[in-house]
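Heads up: the structure comes next, in structure tokens.
The values are calculated or read from the model by the stated rules, or taken from the named source; none is laboratory data. What you see is a predicted model; the values in this text were computed from it and never measured. Cβ placement follows ideal geometry from the backbone for every residue including glycine, while neighbour counts extend to all protein chains displayed. Ligands, DNA and RNA are stripped out before the accessible areas are found, and what is left, the full protein with its side chains, is counted by its heavy atoms. Shrake-Rupley method; radii C 1.70, N 1.55, O 1.52, S 1.80 Å.
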Number of protein chains: 2
Amino acid sequence: MEFNLDLSIDVLRRTPAVLVALLDGLAEPWIRGTEGPDTFSPFDVVGHLIDGEETDWIPRARIILARSPNPAFEPYDRFRHRGRNAGRTLGSLLGEFARLRAANLEVLRGWHLTEAELDLPGAHPALGRVSLRQLLAAWVVHDLGHLAQVARVMAKLYRAEVGPWVPYLPGLTEYEVPRS
Amino acid sequence: MEFNLDLSIDVLRRTPAVLVALLDGLAEPWIRGTEGPDTFSPFDVVGHLIDGEETDWIPRARIILARSPNPAFEPYDRFRHRGRNAGRTLGSLLGEFARLRAANLEVLRGWHLTEAELDLPGAHPALGRVSLRQLLAAWVVHDLGHLAQVARVMAKLYRAEVGPWVPYLPGLTEYEVPRS
């Protein structure tokens, strides 16, 4: 499937509502479970997605669109949310994520990006040259990967409870090495 | 996390709304993509979940609760949905799944299951003896595994579009061998 800006935005705009449907009001054991040390709970994932809205995707797109001779991205802190959100409720984080995402998509739509602009380069601190098109595709894939992660982390919390069903439930067996 | 009936129902009741938020009205390329031959698209997953409502979870729970000397489950056809749903729209399948799930959860709630009833056995055609508790836990894990699958299948459709980002996006790299 080739990159398409409208089809990308139609996935990005859905993520807050998907997370609300899956998580808002759910009991703490589901929300706070993880796959092990240094991996994300569903609560952590929402905080991590907020970090992306504030420090990653649109800020990096702005750097690209500024067309400076050195369009270097700021490094991204994958654990910024841990300190930032201590004491917050999941409900308030879900609301904040929805507001930030909606505002960022308004910015993105307002740019009316051309194919030539989607080809403009940025400089990723580790990956090197990336295009604006690749940045926006990565935003979509990043969302979907973390949605999959939330569902998988929750599934694994019931691993011992399904008894003999484990080999029939791929969510339990195909991600033996978790990543946050 | 130990099995808890109320906490299980609170996940099961959310799945239709999660799928609506993620998929309803989305363009065909997102809905019809797969990970390869004999794997499920997001459309297929919704059909597969409908099959579960009609032929798997509650029908098997009824067999267990009937306390017959041979509480054998009917084999489950994982590809029943392919013929059943040819020509259907995703929107109509999402509505059907929501209605079936709501009705099945009403049945489940109405049983007011005791711990002793949750321990009652059924006979799985391949796995052997399973308890009602394990069946219900597997229902939850099955839902979550397929939610993760939908997000992962969609993510992989953009694999070529993210360029150098592939190694940073676990959804693309950690499920190299897909299962339907």
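If you go through the range A:157-166 one residue at a time, do you hit one that is without any contact (Cβ under 8 Å) to a residue 12 or more places away in the chain, in contact with a helix residue (DSSP H, G or I) (Cβ under 8 Å, 6 or more places away or on another chain) and part of a loop (DSSP other than H, G, I, E, B)?
Scanning the range A:157-166 turns up at least one residue that is without any contact (Cβ under 8 Å) to a residue 12 or more places away in the chain, in contact with a helix residue (DSSP H, G or I) (Cβ under 8 Å, 6 or more places away or on another chain) and part of a loop (DSSP other than H, G, I, E, B).
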Within the range A:41-84, which residues are at pLDDT 95 or above, surrounded by 14 or more Cβ atoms within 10 Å (Cβ to Cβ) and not in a helix (DSSP H, G or I)? A:S41, A:P71, A:F73
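When the residues of the range A:85-107 are filtered to those that are of a type outside the set (S, T, Y) and assigned to a loop (DSSP other than H, G, I, E, B), which remaining residue is surrounded by the fewest Cβ atoms within 10 Å (Cβ to Cβ)?
Among them, the one singled out is A:G87.
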Taking the range B:1-16 on its own, how many of its residues are facing chain A (nearest Cβ under 8 Å), assigned to a loop (DSSP other than H, G, I, E, B) and among the charged types (D, E, K, R)? 2
List the number of the failed condition for A:A103; all other conditions in (1) over 19 Å from the mean Cα position of the chain (by Cα); (2) more than 11 Å from chain B (Cβ to nearest Cβ) hold. (1)
Going through the range A:114-130 in order, the residues found to be surrounded by fewer than 21 Cβ atoms within 10 Å (Cβ to Cβ) and either at the interface with chain B (Cβ under 7 Å from one of its Cβ atoms) or free of Cβ contacts under 8 Å to residues at least 40 places away in the same chain (or both) are A:T114, A:E115, A:A116, A:D119, A:A126, A:L127, A:G128, A:R129
Please count how many residues of the range B:1-32 are of a type outside the set (A, V, I, L, M), closer than 26 Å to B:K156 by Cα and more than 18 Å from the chain's Cα centre (by Cα). 4
Please work out which residue is modelled with the highest pLDDT, limiting yourself to the range A:17-35 and to residues that are more than 9 Å from every other protein chain (Cβ to nearest Cβ) and crowded, with 18+ Cβ neighbours inside 10 Å. A:I31
Whichever residue in the range B:136-145 is under 22 Å from A:T15 (Cβ atoms) and either open to solvent by less than 10 Å² (accessible area, probe 1.4 Å) or of a type in the set (S, T, Y) (or both) and, among such residues, is farthest from the chain's Cα centre (by Cα): B:L144
Report the residue count in the range B:114-130 for those that are out of contact with any Leu (no Cβ under 6 Å at 6 or more places or on another chain), among the aliphatic types (A, V, I, L, M) and assigned to a loop (DSSP other than H, G, I, E, B). 2
Just name the residue that is farthest from B:L19 (Cα to Cα) out of those in the range A:146-162 that are at the interface with chain B (Cβ under 7 Å from one of its Cβ atoms) and open to solvent by 20 Å² or more (accessible area, probe 1.4 Å). A:E161
Looking at the range A:107-123, is at least one residue touching a Ser or Thr at 6+ places or on another chain (Cβ under 8 Å), under 12 Å from A:L5 (Cα atoms) and modelled with pLDDT of 95 or more? yes
Does B:R133 satisfy the condition of being open to solvent by 50 Å² or more (accessible area, probe 1.4 Å), at pLDDT 95 or above, closer than 23 Å to B:M1 by Cβ and not in a loop (DSSP other than H, G, I, E, B)? no
